[in-house]
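Novice: I'd like to ask you about the structure that follows.
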Amino acid sequence: MSPLVLSILMSSLALGTVITASSHHWLLAWMGLEINTLAIIPLMAKMHHPRAIEAATKYFITQAAASAVILFSSTTNAWTTGEWDIMNLTSHLSTTTLLMAILMKLGVAPFHFWLPEVLQGIDLTTGLILSTWQKLAPMALLIQVSPNLNPQLLFISGIISTMIGGWGGLNQTQLRKIMAYSSIAHLGWMMAALIISPQLTTLNLIIYIIMTTAMFLTLKMFSSTKISTLSSSWQKTPTLAAMSTLTLLSMGGLPPLTGFMPKWLILQEMTKQSATILATMMALSALLSLFFYIRLTYTMTLTTHPNTTPSTQVWRFSTTQPKLLLMASATASVALLPSTPLLFSILP
């Protein structure tokens, strides 16, 4: 892809997110979401492969349907209240349809069916953008309107997402599908925390983006798309393999790693709000996700890649991929738990 075209598309992605996150008018927010959608579709289809074209088509249809529902919801609310202000969301029909549309855009269960298939059909770099940057605009919209949403629907979608994210990833061998189900599970935690504390949802989103960025960049460095190809990573780069192992365990929420922080705070807040049963179900569902994270760490560290030739290690050139972002995100994915008191003082 031409550098000029790539810079225009990336600028459009940034512009769409900024417009949606900073707008107070429904039409401006809808316009930002549309710019976001249209900017990433050429990035998906740039490989000129049938799977990539299929993924781009599925993504376009799903996002267009969700955008149409958002437009219907905002129009209905404007018809009822006489205002297009995002914060003035009072109609019950508007709040329900808007929540369904945003859940569909994010890929939260039960509107998650498109996410694993789309992520499987695109390359790792575009998958990273889809799993991180594309969540920002809908999540900003959701946090703005969260006081007006139905808490029961959010709790139900949250617990279903954590369950499906755990169950769906158990029998997968494709790494991009595993990352898709991991994304669904993490989004379920954010939905469950949204009504109780929007600040915790923001914190969870930031840590999710950091961990997902580290994992996708690691897979890109290894050029791995299947679990079986991870078995040679320890022989190639043992330091990166060790860091990615810790990153996977952090995504599973094990202490004393960074990923334990949002789960701990969310469960603590749920217990304070007397939602003990919901907190117990969320904690048990996290064990499902932890299983396939440990499966990946086992493949990376405790299995040896089959070598049928008696020759020495194959000659490899030094990689030309940038390492600074990978190093920073991997370190943050592992070592941010001691900063929890500082984050408490920063969050309002």
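Novice: When the solvent-accessible surface of protein heavy atoms is calculated with a 1.4 angstrom probe, in what order do K105, K236 fall, highest first?
Specialist: Values: K105 10, K236 80 Å².
Ranked list, largest accessible area first: K236, K105.
Novice: Return one quarter of the surface area of the convex hull spanned by the alpha-carbon atoms of the stretch 60-128, equal to its mean projected area, in nm². Don't skip to the end; give the middle numbers.
Specialist: Values: hull surface 21.0 nm².
Mean shadow area of the hull around the Cα atoms is 5.3 nm².
Novice: If you don't mind, there's one more thing I want to ask. If you wrap the stretch 1-143's Cα atoms in a convex hull and average its projection over all directions, what's the area in nm²?
Specialist: 7.9 nm²
Novice: Let me ask something additional. Would you mind computing the Rg to Rh ratio of the stretch 200-243 from its alpha-carbon coordinates, Kirkwood style for Rh? Don't skip to the answer; put the middle values down first.
Specialist: Working: Rg = 12.8 Å, Rh = 11.6 Å.
The Rg/Rh ratio comes out at 1.11.
Novice: Quick one: angle between helix 260-272 and the longest Cα principal axis of the chain, in degrees between 0 and 90, rounded to 10, please.
Specialist: Around 40 degrees separate the two axes.
Novice: Per the 1.4 Å probe, what fraction of the accessible area of the chain, in percent, lies on carbon and sulfur atoms?
Specialist: Details: 11280 of 15660 Å².
Summing carbon and sulfur atoms, their accessible area is 72 percent of the total for the chain.
Novice: Mind listing the phi-derived Karplus ³J(HN,Hα) values for the stretch 274-285, rounded to whole Hz, using 6.51, -1.76 and 1.60 with θ = phi - 60°, and x for any glycine or proline?
Specialist: Once rounded to whole Hz, the list reads 6, 9, 5, 5, 4, 4, 5, 5, 5, 5, 5, 5.
Novice: OK, next. Mind checking which aspartates and glutamates have their Cα closer than 19 Å to the Cα of K58? Skip sequence neighbours fewer than 8 apart in that chain.
Specialist: Reachable aspartates and glutamates: E34, E117, D123.
Novice: Further question: Could you give me the ³J(HN,Hα) list for the stretch 208-218, computed from phi with Karplus coefficients 6.51, -1.76, 1.60 and θ = phi - 60°, whole Hz, x at Gly and Pro?
Specialist: Along the stretch 208-218, the couplings run 4, 5, 4, 5, 5, 4, 4, 6, 5, 5, 5 Hz.
Novice: Tell me, what ³J(HN,Hα) does each residue in the stretch 235-245 have, in order and in whole Hz, if you take phi through Karplus 6.51 cos²θ - 1.76 cosθ + 1.60 with θ = phi - 60° and put x for Gly and Pro?
Specialist: 5, 7, 9, x, 5, 5, 5, 5, 5, 5, 4
Novice: Using only C-alpha atoms and all pairs of different ones, pull out the Kirkwood radius for the stretch 138-282 in Å with one decimal.
Specialist: Values: mean 1/r = 0.0622 Å⁻¹.
Averaging 1/r across every pair of different Cα atoms and inverting gives 16.1 Å.
Novice: Roll a 1.4 Å probe over the protein chains and send me the accessible area per residue for the stretch 1-143 in Å². Intermediate values should be presented prior to the final figure.
Specialist: Numbers: 5970 Å² over 143 residues.
For the stretch 1-143, the solvent-accessible area averages 42 Å² per residue.
Novice: Could you list, in their original order, any pairs among K135/K177; K220/K263; K105/K220; K105/K226; K135/K272 whose Cα atoms are separated by more than 23 Å? Don't skip to the end; give the middle numbers.
Specialist: Working: K135/K177 17 Å; K220/K263 27 Å; K105/K220 25 Å; K105/K226 26 Å; K135/K272 28 Å.
Violating the 23 Å Cα-Cα cut-off are K220/K263; K105/K220; K105/K226; K135/K272.
Novice: When the helices in the chain are scored as -39500 (n - 2.57) per DSSP H run of 4 or longer and the sum is shared across all residues, what 222 nm value do you end up with, to the nearest 500 deg cm²/dmol? Walk me through the numbers before you get to the answer.
Specialist: Working: 16 runs with 251 residues, N = 348.
Theoretical 222 nm ellipticity from helices: -24000 deg cm²/dmol.
Novice: Per residue, how much accessible area does the stretch 161-271 have with a 1.4 Å probe, in Å²?
Specialist: On the way: 3370 Å² over 111 residues.
In whole numbers, the stretch 161-271 has 30 Å² accessible per residue.
Novice: Order these peptides, 23-36, 125-138, by their mean beta-carbon neighbour count within 10 angstrom, highest first. Can you show the working numbers first?
Specialist: On the way: 23-36: 19.2, 125-138: 21.6.
Ranking the peptides 23-36, 125-138 by packing returns 125-138, 23-36.
Novice: Here is a follow-up. Can you pull the one-decimal nm distance between simple spin-label points at W79 and W167, each 7 Å off the Cα toward Cβ?
Specialist: Result: 3.7 nm between the two label points.
The values are calculated or read from the model by the stated rules, or taken from the named source; none is laboratory data. This one's a predicted model, so the numbers in the text were calculated from it and none came from an experiment. Quick reminder, even Gly has a Cβ in these numbers, built from the backbone with ideal geometry, and neighbours come from all protein chains shown. The area values use the complete protein model at the heavy-atom level, side chains included, leaving out ligands, DNA and RNA. Shrake-Rupley method; radii C 1.70, N 1.55, O 1.52, S 1.80 Å.
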